[in-house]
Amino acid sequence: MIEPIRRSTLEERKKWLAEAHYNVFQLKAEQVYIDLLTDSGTGAMSDRQWSELMLGDESYAGATSFYKFEAMAKKIFGMPYFIPTHQGRAAENVLFSYLVKEGNVIPGNAHFDTTKGHIESRKAKAIDVTTDEAKDTQKEVPFKGNVSLEKLEKVLVENKGNVPFMVLTVTNNTVGGQPVSMKNIKDTCALCHKYGVPVVMDSARFAENAYFIKTREEGYADKTIKEIALEMYKDADAMTMSAKKDGVVNMGGFIGTRNKEWYEGAKLFCIPFEGYVTYGGMNGRDLNALAQGLDENTEFDMLHTRIHQVQYLASLLDEYGIPYQRPAGGHAIFVDADKVLTDVPKEEFPAQTLTCELYLEAGIRACEIGYMLADRDPVTRENRFGGLDLLRMAIPRRVYTDNHMKVIAAALKNVYDRRKTITRGVAIEWEAPLMRHFTVQLKRLG
Ligand code: F0G
């Protein structure tokens, strides 16, 4: 599908951004020239996926579409039980409703915001156990998404009997789409199992993670992406999946597990929240498109083409000396806003400010993955300034050309060149108590 191209003037963008309270989530899509807000649900489906839509079986129970999806999921992840849900956070909602109790502690390598939201809204605690290497954006290491086994063990020891599971996110979105090595996946599962704690893999970008294992980890160069994916999930107890990313569908998700008891428990929450267990919030036709998308997106050529486009954008930023989380991640480039807008204090949200500047410059909508997204500490209500403050430019799958990458890089260079003139950021005028970044209203300072 092709979208009409819409250009705008600086004056128009100034007006629209002010109306959006300096929060790019509040912009209308038609006010955006190149949309890098997310790679979630924004990919272009293939001819085969579109064909599958026509074969959708919309039976309420036992649709052939469910069995087509289930067979593909079993083949790729090697788990016996699958429950569809309408998207990733719905999978979290269903599974966590069964597993998370007030006061629980759930370690993870940088939980995604909805994952953290589903934990904290149940009055449980999410503890980040990502390797410290991820914090240094300029350090080039191949698997920056890894779990720190020392940090994880400390949490497991200190909270014995109170950890219902651990969340292992592949790739690690929050620290920059950074992969987790096969060795780290296996070591993490082994350590958790030693303490009797199951592992739930948050799998939104599992195929990109498998690509990085194939291209960066010794011993995997000759394995297929499908063989690697199967091995990644061998020791995991369950998975939640946002199929909007590596399933290359516009909407969809699922839960997978090896544990029959969990399957039965989750089913009880799926029915009231999502619908009967053979459709779980999805149309039959969309389950078909998902089965096809999973198959295609676990082929090397597809992943190679996609990840190379992201790396091409990174190479342009290298030419201009713009700092980003190195090496380039799978689905996006994460610009280190703290290192670009050095005069904007953290209390004025540098990465959020950079999203505004990039939009004003060229109508490009990126996304803050930083202090705004980090929300406040649920107990102290203080802003969480401890992590990275990044501007994420997510690249939708099969949508933009390399020429778009050039436009994006040039726009960012223009902002970078005038960075010393940007000394003030934004201030919060209104915010929601949880997941504030979607709806926060800001004012521009200075
Ligand atoms: N887990 C990860 C790692 C994610 O990146 C997301 C969504 C989810 C879970 C939730 O899935 O959106 O289908 O409900 N990430 C999107 C993003 C929104 O832009 O990174 P969902």
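Please treat every number below as a calculation from the coordinates, not as lab data. Given the structure is predicted, the values throughout are model-derived calculations rather than measurements. Quick reminder, even Gly has a Cβ in these numbers, built from the backbone with ideal geometry, and neighbours come from all protein chains shown.
Things worth noting here:
- Helix-only arithmetic for the chain: the sum of -39500 (n - 2.57) across DSSP H runs with n ≥ 4, divided by the residue total, places the mean residue ellipticity at 222 nm at -12000 deg cm²/dmol.
- If you wrap the Cα atoms of segment 1-108 in a convex hull and average its projected area over all directions, you get 11.8 nm².
- The mean sequence separation of alpha-carbon pairs under 8 Å and at least six residues apart, normalised by the residue count of the chain, gives a relative contact order of 24 percent.
- Loop sites in segment 380-445: GluC sites (Glu not before Pro), DSSP, at most 10 other Cβ within 10 Å: Glu382
- Spin-label pair Gln441-Trp50: with each label point 7 Å from Cα along the Cα-Cβ axis, the two points sit 4.2 nm from one another.
- By the beta-carbon count within 10 Å of each Cβ, the least crowded to most crowded order of Asp132, Asp343, fewest first, is Asp132, Asp343.
- Within segment 47-296: Cβ-based charge dipole about Cα centre, in debye rounded to nearest 20 (Lys, Arg +1; Asp, Glu -1): 360
- Sequence-distant contacts, meaning Cα pairs under 8 Å at least 6 residues apart, place the relative contact order of segment 47-296 at 33 percent.
- When Glu102, Glu58 are arranged by Cβ crowding within 10 Å, least crowded first, meaning fewest neighbours, the order is Glu102, Glu58.
- Other-chain or far-sequence residues with amide H under 5 Å of Thr130's (modelled H): Ala110, Ser148
- Checking every one of the GluC sites (Glu not before Pro) in segment 151-240 against DSSP loop status and a limit of 15 other Cβ atoms within 10 Å picks out Glu218.
- Ordering Glu30, Glu52 by the number of other Cβ atoms within 10 Å of each residue's own Cβ, fewest first, gives Glu30, Glu52.
- For the chain: span of alpha carbons on each principal axis (Å, largest first): 59, 52, 45
- Percent of beta bridges antiparallel (DSSP, the chain, rounded to nearest 5): 65
- Compared with the alpha-carbon gap, the fully stretched path from Ala18 to Ala432 is longer by 147.1 nm at 0.36 nm per residue.
- Our coupling estimate for segment 291-297, obtained by passing each phi through the Karplus curve with A = 6.51, B = -1.76, C = 1.60 and θ = phi - 60°, is 4, 5, x, 4, 5, 5, 7 Hz, Gly and Pro reported as x.
- Between His437, Ile271, Ala238, the Cα set farthest toward the positive side of the dipole of the chain (charges on each charged residue's Cβ, about the Cα centre) is that of His437.
- Annotation: amide H-H contacts under 5 Å for Ile34 (H modelled 1.01 Å from N, sequence separation of 5 or more, or interchain): Ile364, Arg365.
- Placing a label point 7 Å from the Cα of His193 along the Cα-to-Cβ line, the residues of segment 103-132 whose backbone N sits under 20 Å from it are 107-109.
- Note on Ala71 and Glu299: with the Förster distance fixed at 25 Å, the Cβ-Cβ geometry gives a FRET efficiency of about 0.90.
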